[in-house]
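I have placed the structure first, in the form of structure tokens, so that the comments after it can refer back to it.
Taken together, the values in this text are just the output of simple stated rules run on the coordinates, not laboratory data. These numbers come from a predicted model, not from an experiment. Positions of Cβ are generated from backbone atoms using ideal geometry, with glycine treated the same way; all protein chains shown enter the neighbour counts.
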Amino acid sequence: MQALGQSIGSRPAGSAKEREAADYIATQLQGYGYQVERQSFPFTRFNDGGSRLSVLQPITEELHPNTLVQSRSGDVEGPLVLVGLGQAGDFPPAVGGAIALIERGTNTFKDKVANAAAAGAKGAIIYNNQPGGFRGNIGEATAIPAASISQEEGKHLADLIARGSVNVHLSVQTTLEQVNSQNVIGTRKGASPRSIVVGAHFDSVPAGPGANDNASGTATMLEIARIMALADHPLSLYFIAFGAEELGLYGSKHFVSSLEAEQLRQIVGMVNLDMVGVGDRLKVGGSKDLEQKSMAVAERMGVEVSSLGTESTGLSDHGSFVAAGVPAVLIHYIDDPRYHTAQDTVQYVRPENLAAAGKWALEIMRELMGG
Ligand code: BES
Ligand code: ZN
């Protein structure tokens, strides 16, 4: 955990630090006796070069937009038109050639921006429906530049529009870049064609060293691998450190797509460890069957756990397995107040949390192997 979350530090997807972390993990798995493969894959990285929004008329002023992730790059100038929530019927003809000012809420960012583009708008600005600004992700490339602003700036613009015509200049600078990331896969074949996958992503956000997210899960996965190598087991075991999780679960998606349908069917369960070092409450979420099995295992162990349910909106690599029909769960501790910040450092990671998560995962594996 210290090697990844402190010595190497921040490990953004596609960076040299991510490769350095992959080398470290590969060496560890090799040392435990696993057959190790580095599985490289390309993905498209969205880079935000910043946004600017200037009011040109009736006054001149600079506002404070945030680029909406997946916005196309563009520089547009024109009248600003208020269009409510940006639902299909909300757009007046005046929006043609104009910039649409849309309120957050009800429909998705993707819907709002696509509807604005279809109505002829050449730019879209989404203002918050609660105080303050926000950062949003549209999910797929847009046809027009799109940015977000705070509720306060949104209301200010709406007030100006109510009094007369408003002209603005919106500039959103973004680029798409092909970069490479990699998974590190440690394999140990058993006599049975069936298999178990234990996984954890090892990349981090650029903002910080990702000690809890997710050096904690990677370290726990490695320790489980070390222990499982001490004896023979009937099932094949895959220990996988996933790359490029933080930008869209790219590593786990790539691994799943690299398997044949028959190989996927042979996976009896996948256990994903993500953020297991901070917080007091041990949680499990994912495929209903495996989630229930995991809770029964914990109960037998006398460990208090509960279902993640809707308590977190966080996505992680088990989702790629669930989407492919493989029973998969996330093991996770809540809450981490330093999530995705520069303060997600090793000093806050509790060794006893890693131990509890790891012991539980080991018991779930025993259960999956038939007790
Ligand atoms: N570790 C988080 C996911 C998470 C957060 C799980 C909180 C449980 C509680 C993960 O690394 C992450 O940040 N995922 C992104 C999704 C990704 C597809 C961009 C997220 O949840 O926003
Ligand atoms: Zn994570």
Tell me, which residue of the range 209-226 that is within 13 Å of ligand 2 (Cβ to nearest atom) and aliphatic (A, V, I, L, M) is nearest to His340 (Cα to Cα)? Ala211
The range 256-294 - residue that is more than 25 Å from the chain's Cα centre (by Cα) and in a helix (DSSP H, G or I) and, of those, farthest from ligand 1 (Cβ to nearest atom): Glu262
Check the range 133-147 and report whether any residue there is touching a residue at least 24 places away in the same chain (Cβ under 8 Å), polar (S, T, N, Q) and either touching a Lys or Arg at 6+ places or on another chain (Cβ under 8 Å) or part of a helix (DSSP H, G or I) (or both). yes
Give the residue that is nearest to the chain's Cα centre (by Cα), with candidates limited to residues of the range 200-244 that are within 25 Å of Arg265 (Cα to Cα) and aromatic (Phe, Trp, Tyr). Phe242
Among the residues of the range 261-311 satisfying the criterion of being surrounded by 15 or more Cβ atoms within 10 Å (Cβ to Cβ) and of a type in the set (S, T, N, Q), which is farthest from Lys359 (Cα to Cα)? Gln266
When the residues of the range 320-335 are narrowed to those that are surrounded by fewer than 20 Cβ atoms within 10 Å (Cβ to Cβ) and not hydrophobic (A, V, I, L, M, F, W, C), which ends up farthest from ligand 1 (Cβ to nearest atom)? Gly325
Restricting the range 188-206 to residues that are away from ligand 2 (no atom under 13 Å from the Cβ) and among the hydrophobic types (A, V, I, L, M, F, W, C), the one surrounded by the fewest Cβ atoms within 10 Å (Cβ to Cβ) turns out to be Ala191
Residues in the range 53-63 that are loosely packed, with under 14 Cβ neighbours inside 10 Å and more than 12 Å from Asn167 (Cα to Cα): how many? 1
